[in-house]
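Only one structure is covered here, and it is reproduced in the block below.
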Amino acid sequence: MTEILKTEGLSRYFGAVTAAENINVTITEGEIVGVIGSNGAGKTTFINMVTGYLPPSKGSISFDGKPIKGLGPRKLMRKGLTRSFQIPQLFLELPVIDNLSIALAAAEHKQFQMLRPVHTPERLKAAEEILEQMHITEYRDEMVTAMPQGARKLLDIAIAMLGKPRMLLLDEPTSGVSMEEKYTLMDTVMEAVRARGLTVLFVEHDMEIVQRYVTRVLAFASGVVIKDGPVDEVLADEKVQELVTGKQHKPTASGGDA
Amino acid sequence: MMKADRTELSLIGVAIAVAIAAQFSPNWLVFTLTLAISTGLVVMGVVMLMRAGLVSFGQGLFYCLGGYAVGLGGRFLGITDALVLIGLGVVATVAIAMILGLLVTRYREIFFAMLSLAFSMILYGILVKSHGLGSTDGFGVVDWTLLWFDSKTGDSANMALMLAIALALLIALFLNRYFKSSIGLACEAIRENEVRVEYMGISRQQTLYINYVIAAAIGSVGGSMTALAAGHVDPTMAYWTISGEFVFIAILGGTGHVAAPFIAALIFTLVRTYAIELAPNAWQMILGIVLLLIILFLPKGIWSLFTRKKGAAS
């Protein structure tokens, strides 16, 4: 399998505080990787560094074999690496269809053509297709403010996917979503991910979600990756249980790839 | 070729109606309308910036540049053609806005507002100290021509209004499409969420820069038209209270439609004219009360009256 993302010695310090230390990770194309860790373990710092939101203090990052350290979100998106957010980053006072249309226009990567009308028949069709795929068609003409949290999460991920990425980083896709909605939401997202053949790295606190949807897990504690491996092996690890999942959590028989 | 939409047909219809009505209107109304349309053009620039989340207290800079370009072009370069004079203003303004835009579009909120105000006041300071340009008194604009028309012999007030209507219509038609274009929507997206905009692959800086330069160019046309209609330019065109008036009118009209700045500018001009007549020493208070009432009851501006009605009907 082709290596798509590689970090070597990746570290981030905030003054005397170490948010991430010596992170060495290699992700191959098509992998669905979970990132777990308690609050402040360095998961989001890692995602922020990889997606150009936060410059690393040390180390290197390469995407598709090319160094990407120092590149901002815009350039990374154009290389095929993008993300969704724990708190959905949307245009709240604009209709859902406009949120998607602007993402589609931006995905064409032609700044000059930005002067052309935003709502073209092709873009409207593409927007409607992804709304249907994410099961949020009913909100097409609503303002984002009228959407419930789960639908906003799906819209946030849909917008990220419209950029035609090769790798998608999802920051806590199920946070703030009710227990009943979590699996429906994840099923929808994973279906869209598989349809596009994306590589996914996602931060998650819910171990049942992790077991069900990922093949490999990175366990973070105090800014360090303490365990990297197949989901059952990582969740069964004593150190992971002690520092991340809690002693009471045992991997279930249904765990693994969904 | 895009077909004209309802807004564009309405704009064309209103422009023709105003042009015809002006032929039967008294001179004072023709002049007032010309000033209102010219002001509306500058306000349109303010609205463009507001849609991107930026409030400029320095749009007077471009208004003044447009006005002085007309004055200086006639006086020192011997240019009399109104369209060439207006074009001269646009070129000068775009050149300056392209330089200033590199800096100001990096700032947001109060910093953008104050920086734009500062540049406007620098121009004011320069003009006040320029005795060759009439210092605080400014100077008169030479007689101008337009195709077969000569302001020396013809009805210059009427011709200035016709020119203002034509330019305002062209600009309004352009902006109607601009607001619906990807870049127009990108400006609104930047106002809503800059982080997401960057992650979509859109350059915030480049988008705001283009928007800023276009807004400046339109402001310059407003200034040039004012100079042609009034026949005089002076440094107060760049003074911060004039820029404040443009913001006042933008709030009065709202940012929802290309026609809103023109309607608001006309209301503002009429309210001010009558307020000065009624209460020469307290007209600012009357304007203040009007703005207060608008903010309280129509926070999205006068145009929201139309959208409310439309919403209720649907």
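The numbers here are math on the coordinates, done by the rules we state, and not lab data. Keep in mind it's a predicted model, so treat the numbers as computed, not measured. Please note: Cβ atoms are built from the backbone with ideal geometry, for glycine as well, and neighbour counts cover all protein chains shown.
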Subject >> Calculated diffusion of the stretch A:133-258, Stokes-Einstein form, Kirkwood radius summed over Cα pairs, 4 °C and 1.567 mPa s, µm²/s >> reply: 83
**OP:** Sort the following peptides by mean Cβ neighbour count (other Cβ atoms within 10 Å, averaged over residues), highest first: A:89-100, B:12-23.
**Re:** A:89-100, B:12-23
**OP:** Could you tell me which of the pairs A:Lys6/A:Lys125; A:Lys66/A:Lys125; A:Lys43/A:Lys182; A:Lys164/B:Lys300; B:Lys152/B:Lys300; A:Lys164/A:Lys239 are separated by over 32 angstrom between their Cα atoms in the structure shown?
**Re:** A:Lys6/A:Lys125; A:Lys66/A:Lys125; A:Lys164/B:Lys300; B:Lys152/B:Lys300; A:Lys164/A:Lys239
Original post:
Between the stretch B:56-124 and the stretch B:135-170, what is the C-alpha centre distance in whole Å?
Top reply: 20
Original post:
Under the Karplus relation 6.51 cos²θ - 1.76 cosθ + 1.60, θ = phi - 60°, what is the ordered set of whole-Hz ³J(HN,Hα) values for the stretch A:163-175, x standing for Gly and Pro?
Top reply: x, 6, x, 9, 10, 10, 9, 10, 9, 6, x, 9, 5
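Indicate the gyration tensor shape class of chain B (rounded, prolate or oblate), computed on the Cα atoms with a ≥ b ≥ c the square roots of the eigenvalues: a/c under 1.5 is rounded; otherwise a/b larger than b/c is prolate and the rest oblate.
Rounded, because the longest to shortest axis ratio a/c is under 1.5.
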Subject >> 10 Å binning of all Cα-Cα separations within chain A, expressed as whole percents from 0 upward >> reply: 7, 30, 35, 21, 6, 1
Original post:
In terms of modelled amide H atoms, which long-range or inter-chain residues lie less than 5 Å from the amide H of A:Gly163?
Top reply: none
Original post:
Short version: ³J(HN,Hα) in whole Hz for each residue of the stretch B:285-290, in order, from phi by Karplus 6.51 cos²θ - 1.76 cosθ + 1.60 (θ = phi - 60°), x for Gly and Pro, what are they?
Top reply: 5, 4, 4, x, 5, 4
Original post:
Quick one: Karplus J couplings for the stretch B:53-68, per residue in order, coefficients 6.51, -1.76, 1.60, θ = phi - 60°, nearest Hz, x for Gly and Pro?
Top reply: x, 10, 10, 9, 9, x, 5, x, 4, 6, 4, 5, 4, x, x, 5
**OP:** Name the shape class, rounded, prolate or oblate, that the alpha-carbon gyration tensor gives for the stretch B:1-146, where a ≥ b ≥ c are the square roots of its eigenvalues, rounded holds for a/c under 1.5, and otherwise prolate holds if a/b is larger than b/c and oblate otherwise.
**Re:** oblate
Original post:
Which whole-angstrom value gives the distance between the alpha carbon centres of the stretch B:179-203 and the stretch B:217-237?
Top reply: 32
Original post:
Taking amide hydrogens as modeled 1.01 Å from N in the peptide plane, which residues meet the under 5 Å criterion relative to A:Ser84, leaving out close sequence neighbours?
Top reply: A:Leu169, A:Leu170, A:Asp171
Original post:
Around A:Val217, which amide H atoms from residues at least 5 apart in sequence, or from another chain, sit under 5 Å from its own amide H, with H modelled in the peptide plane?
Top reply: A:Gly34, A:Gly229, A:Val231
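Rounded if a/c is under 1.5, else prolate if a/b beats b/c, else oblate: with a ≥ b ≥ c from the C-alpha gyration tensor eigenvalues square-rooted, which is the stretch B:231-281?
Oblate is the answer for the stretch B:231-281, as a/c is 1.5 or above yet b/c matches or exceeds a/b.
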Original post:
What number in nm² do you get for the protein assembly as shown if you take the convex hull of its Cα atoms and divide its surface by four?
Top reply: 31.4
Subject >> Reach of A:Lys75 by Cα under 17 Å, taken over aspartates and glutamates that are not fewer than 8 positions away in the same chain >> reply: A:Asp64, A:Glu108, B:Glu194, B:Glu198
